[in-house]
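Peer 1: Handing you this structure, nothing more for now.
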Amino acid sequence: MQLSELGYSNNFRDMFHDYEDGDHFPGRVSGQERRQYRLMCEQGEMPAVAAGRLYHKADDPEGLPAVGDWTVCRKSDAGDLAVIEKVLPRASSIQRKSAGQETIRQVLAANVDVVFLVSGLDNDFNLRRIERFLTLSWESGARPVIVLNKIDLHEDISSFIDSVESIAYGLPLLKVSALNGVGVDGLHEFLADGLTGVFLGSSGVGKSSLINHLLGENRQLVHEVREDDQRGRHTTTSRNLLMLPGGGLVIDTPGLREIQLWNSPEGLKRSFDDIEQLALGCRFNDCAHEDEPGCAVREAIETGELDRSRLQSYRKLQKEQAYLERKQDSRASRQASREFHRKVRTFHKQMKDLRKRGLA
Ligand code: GDP
Ligand code: ZN
């Protein structure tokens, strides 16, 4: 495998220079499942682990390797694994931050050159959401490209284009249909040799369909990598860094797919402002719009003012949001507990030192 095909720029080459000692080699993280990593390097793809030191140093998950990272590695003693010893400074990173909990920042994809912000020209189309994704990609350091998918659904898409240009004037804008392939070649332009892209957008906008187009014949290779370990059992690790046959790479991780709702209870309310407005007319403040008397939302469905499917989609997204918040809370408490134990260990160590020196 050519490192340049994997996105190894001169920048990383220079940074690796200090580690050029014959034992170490550069590799790019291509998959991660908990503490198991996959790595792409000159010799091909191999399983990897992060050196223990990285876990001790990493008070926050930002310091650990993430998919897309360039790393300094060596072979494990048994030679069957790569050990990641250092994460080279990231050129860009897409992070998940949780509201009000500054401590938790998780890198969902590293060293991303271009973010495709995908919208479907159907009921999903939402300018506020595009704005939110746009903010996120500016923060990441990658270049945003707006992709309007499902153009096959409309004779005339000029009103969509006008409204997108009102919030993102001057940004590249691609009009595509993953269904019939129209315009999809335009994506290649942004993924010339060694450039890495991610696709962001709500579920259902066509991200998988577009990625499959780019992968062409390779599509069946996506995601699942099976291998035998020594005990003959099967372990699976997702492959999240995908090499495209036309050059370029795509990162597709479950975390990136969840990002739509992260940090966005407000955004969700705003996206469904019509329902929130109607709900103000419900008799009960906490109306669930199910079988409560005096429900203005159900009434609007009966009169045809509100589409039932829109209420269903709001409920679905609210549930997902609640799920993500619970997950985030448990992650936060695990983090707090690790932090606590680390402090206890440091304290014991200090006490021991003091005792040794006869000071306590
Ligand atoms: P993802 O959740 O963003 O990965 O979206 P998918 O790629 O799974 O697509 C969601 C649905 O939209 C599927 O039923 C696709 O067949 C459909 N779809 C994707 N692209 C297009 C398109 O360009 N036009 C139309 N009409 N449907 C599309
Ligand atoms: Zn109600």
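The values are calculated or read from the model by the stated rules, or taken from the named source; none is laboratory data. This is a predicted model, so every value here is computed, not measured. Backbone-built Cβ (ideal geometry, glycine too); neighbour counts: all protein chains shown. Surface areas here come from the heavy atoms of the whole protein model, side chains and all, with no ligands, DNA or RNA. Shrake-Rupley method; radii C 1.70, N 1.55, O 1.52, S 1.80 Å.
Peer 1: I'd like the full set of residues that are more than 14 Å from ligand 1 (Cβ to nearest atom) and on the phi < 0 side of the Ramachandran plot, limited to region 140-157.
Peer 2: The answer is Ser140, Ala142, Arg143, Pro144, Val145, Ile146, Asp156.
Peer 1: Additional query: Please work out if Leu117 is in contact with a Lys or Arg (Cβ under 8 Å, 6 or more places away or on another chain), within 14 Å of ligand 1 (Cβ to nearest atom) and closer than 17 Å to Gly197 by Cα.
Peer 2: No, not satisfied.
Peer 1: Filter region 19-58 for residues that are in contact with a strand residue (DSSP E or B) (Cβ under 6 Å, 6 or more places away or on another chain) and open to solvent by 70 Å² or more (accessible area, probe 1.4 Å); which is nearest to Leu242 (Cα to Cα)?
Peer 2: Gln36
Peer 1: Now for a separate question. I want to confirm something. Restricting to region 272-327 and keeping residues that are hydrophobic (A, V, I, L, M, F, W, C) and open to solvent by 70 Å² or more (accessible area, probe 1.4 Å), which single residue is nearest to Phe125 (Cα to Cα)? Can you show your working first?
Peer 2: Start the filter on region 272-327 by keeping residues that are hydrophobic (A, V, I, L, M, F, W, C), which leaves 272, 275, 278-280, 282, 284, 287-288, 295-297, 300-301, 306, 311, 317, 322, 324.
Those still in the list that are open to solvent by 70 Å² or more (accessible area, probe 1.4 Å) too: 280, 284.
Numbers: Leu280: 24, Phe284: 31 Å.
Ranking the qualifying residues of region 272-327, first place goes to Leu280.
Peer 1: For Phe16, work out the one condition from (1) touching a Pro at 6+ places or on another chain (Cβ under 6 Å); (2) under 30 Å from Arg257 (Cβ atoms); (3) open to solvent by less than 20 Å² (accessible area, probe 1.4 Å) it doesn't fulfil.
Peer 2: Just one mismatch for Phe16, condition (2).
Peer 1: Consider region 193-208. How many of its residues are under 14 Å from Asn111 (Cα atoms), out of contact with any helix residue (DSSP H, G or I) (no Cβ under 8 Å at 6 or more places or on another chain) and part of a loop (DSSP other than H, G, I, E, B)?
Peer 2: Final tally of qualifying residues: 1.
Peer 1: So, of the residues in region 175-192 that are in contact (Cβ under 8 Å) with a residue 40 or more places away in the chain and not in a loop (DSSP other than H, G, I, E, B), which turns out to be surrounded by the fewest Cβ atoms within 10 Å (Cβ to Cβ)?
Peer 2: His188
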